[in-house]
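Just so it is clear, none of the values below were taken in a lab; they were calculated from the coordinates. Values in this document were obtained by computation on a predicted structure and should not be read as measured data. Note that we place each Cβ from the backbone using ideal geometry, even for glycine, and neighbour counts take in every protein chain shown.
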Amino acid sequence: MYNVNHYKRYCKILSAVVKEAKKLNYAHKIKKSLNKNKTIWDIVNLETNKTGNTENINTLNIDGNSISDHQEIANAFNKYFFNYSYKY
């Protein structure tokens, strides 16, 4: 039983140390940043796991036709969302 209590206490202390280290690190980054707003949003996105979608669309299947040209894919998305806005 001693080991379990010791472990739980250690985890609590470690969590507090990690939290304080993050806070100090982020405060330092913001302080030395030239663009504080961007830095703050980068930190918020990092902490909320919002890193963005970096996958590229190489092919798109529309009505059974496979499109691989990037300009045609962009036009297909534009057409879809343009028509969608008129439906609703």
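Restricting to DSSP H runs of at least four residues, report the calculated mean residue ellipticity at 222 nm for the chain, -39500 (n - 2.57) per run over all residues, nearest 500 deg cm²/dmol. Please report the intermediate quantities before stating the final value.
On the way: 3 runs with 61 residues, N = 88.
Theoretical 222 nm ellipticity from helices: -24000 deg cm²/dmol.
Which angle from 0 to 90°, rounded to the nearest 10, does the C-alpha axis of helix 70-87 make with the longest principal axis of the chain?
Relative to the chain, helix 70-87 is tipped by roughly 90 degrees.
State the extension gain, in nm to one decimal, for the chain segment bounded by residue 68 and residue 46, taking 0.36 nm per residue of separation less the distance between their alpha-carbons.
4.7 nm
Summing +1 for each Lys or Arg and -1 for each Asp or Glu, what net charge is found among the other residues whose Cβ lies under 12 Å from the Cβ of residue 39?
Neighbourhood net charge equals +4.
Considering the Cα trace of the stretch 38-83, what is its radius of gyration and what is Dmax, both in angstroms?
Expressed in Å, the Cα Rg and Dmax of the stretch 38-83 come to 15.9, 45.
For each pair in 19/50; 29/50; 8/32, compute the distance between the two Cα atoms and list the pairs where it is over 27 Å.
Values: 19/50 19 Å; 29/50 19 Å; 8/32 36 Å.
With Cα atoms farther than 27 Å apart: 8/32.
Give me the three principal axis extents of the chain from the C-alpha atoms, as integers in angstrom, largest value leading.
Cα extents, longest axis first: 66, 43, 29 Å.
Debye calculation, C-alpha points only, no solvent: report log10 I(q)/I(0) for the stretch 2-47 at q = 0.21, 0.26 Å⁻¹, in the same order as the q values.
-0.70, -0.88
Quick one: what are the phi-derived ³J(HN,Hα) couplings along the stretch 27-43, Karplus 6.51/-1.76/1.60 with θ = phi - 60°, whole Hz, x for glycine and proline?
Residue by residue, the stretch 27-43 yields 4, 5, 4, 5, 4, 8, 6, 7, 10, 5, 4, 5, 4, 4, 5, 4, 5 Hz.
Among 23, 12, 50, which one shows the highest mean-square fluctuation when the chain is modelled as a Gaussian network with alpha-carbon springs under 10 Å?
Residue with maximal mean-square fluctuation among 23, 12, 50: 12.
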